[in-house]
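Input: a single structure, listed below in structure tokens.
The values are calculated or read from the model by the stated rules, or taken from the named source; none is laboratory data. What you see is a predicted model, and the numbers here were worked out from it, not measured in a lab. Here Cβ is always computed from backbone atoms with ideal geometry, including for glycine, and neighbour counts include all displayed protein chains.
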Amino acid sequence: MKGNAIRWWRSFAVAGVWLLGSAAQAQADYPTRTVQVVVAYPAGGGTDTLARIVTAELSKALGQSFVVVNRPGASGLIGTTAVARAAPDGYTLLLDTGNATLRPAIEPSTPFKPKDFAPVALLTESPVALAVAESLPVSSLPELVAYSKANPGKLNYASTGPGSPQNLVTELMKTKLGLDWQEVPYQGGGPALTDLAAGRVQLMFSNPVPLMPYANTRRLKVLAVTSRDRLPALDAIPTMEQAGVADFQIGFWNGLLAPAGTPPSVLARLSEAALKVMRLPAVREALIQQGSVLMPLDQAHFARYMAEDSARWERVGKLIQYKPVQ
């Protein structure tokens, strides 16, 4: 009996070593199949454009397909929540616009927290640009402010819903300047821009990337950007400070996240590949020309960045007296 027990424990130990070795080998070989990169917004927006540039290069770098999966809805909550609950195996990632830090900071009931994600790599920051319909009789930010104060409650702004970046930046500007604009929520930035160009809404803060085709064909007017310096892709457009609004530098981060619990070796492999992609001259040029500010950070620095971003949005939420939708 004793000999049988010893043989059983030896067999169990050998099996355990084999299983651990197999798991380690699987992580070392990662990826062995297609990796899904979730974008929590519709196709055609700035985040989607960034995701497609980066995933194309990740596919080359790691020898497996990285495919963009658009999961829009609820101001980005649907796609972001799906990744937070996904298997932590490295085969479902999120290319996030800051939802992981922004939403929990302003809405405690958000179904995910920053701790539900493992930082992979910060890629870019995206300042936003203020655009107005071509039909609106203003051509500068001071003119827009004056027109708004002369017509309180008559201008509508597009957003991707309460708690979205567009909503928060616009409400911050309203608070700062004492403006009365009404929100019109959309499922994503693409449909919102279509209505802005058609004059169905009058203004919108947007990622500069999707604005450019409209601006270049004079279907809308871009008045200012929220970056510290002018953007190379929109070098004729003043910063908010140059346009007369001081202390209004705002950007939203774009980075790769994995579900918490993803093996460290997988995270390290992904992070290394993503940072190599960000060093490619063609990628850098494409992102700069689309209005992004390059901000590549590794896992540790990205984690600290996320913590600071959470604190910043808590302060903004209090300032604008943000009230979660019931």
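Quick look at the numbers
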read-out	value
Scope the range 147-167; condition modelled with pLDDT of 95 or more and within 19 Å of Leu220 (Cα to Cα); matching residues	Tyr147, Ser148, Lys154, Leu155, Asn156, Tyr157, Ala158
Close pairs from the range 84-109: first free of Cβ contacts under 8 Å to residues at least 60 places away in the same chain, partner of a type in the set (A, V, I, L, M, F, W, C) and surrounded by fewer than 24 Cβ atoms within 10 Å (Cβ to Cβ), Cβ under 7 Å, at least 6 apart	none
Whichever residue in the range 173-198 is part of a loop (DSSP other than H, G, I, E, B) and not charged (D, E, K, R) and, among such residues, is surrounded by the fewest Cβ atoms within 10 Å (Cβ to Cβ)	Gly178
Exclusive hit being within 27 Å of Tyr322 (Cβ to Cβ), at pLDDT 90 or above and not assigned by TED's automatic domain parsing to the domain that holds Ser164, set Gly255, Gly178	Gly255
Within the range 1-91, helices (runs of 4 or more DSSP H) holding 3 or more residues that are at pLDDT below 95 and not assigned by TED's automatic domain parsing to the domain that holds Pro264	2-29
Criterion: outside the structural domain of Gly46 (by TED's automatic domain parsing) and either surrounded by fewer than 16 Cβ atoms within 10 Å (Cβ to Cβ) or touching a strand residue (DSSP E or B) at 6+ places or on another chain (Cβ under 8 Å) (or both) - qualifying residue of Asp298, Asp309, Asp229	Asp229
Matching option when the condition is surrounded by fewer than 22 Cβ atoms within 10 Å (Cβ to Cβ), assigned by TED's automatic domain parsing to the domain that holds Ala56 and closer than 17 Å to Asp96 by Cα, among Val283, Val293	Val293
Qualifying residue in the range 242-263 (condition: without any contact (Cβ under 8 Å) to a residue 24 or more places away in the chain, surrounded by fewer than 20 Cβ atoms within 10 Å (Cβ to Cβ), not aromatic (Phe, Trp, Tyr) and not in a loop (DSSP other than H, G, I, E, B))	no
Filter pass, Leu94 being modelled with pLDDT of 90 or more and under 17 Å from Ala274 (Cα atoms)	yes
Unmet criterion (only one of (1) at pLDDT below 95; (2) hydrophobic (A, V, I, L, M, F, W, C); (3) assigned to a helix (DSSP H, G or I)) for Ala274	(1)
Pairs where the first residue, in the range 144-172, is within 21 Å of Lys323 (Cβ to Cβ) and in a loop (DSSP other than H, G, I, E, B) and the second is modelled with pLDDT of 95 or more and aromatic (Phe, Trp, Tyr), C-beta under 7 Å, 6+ apart	none
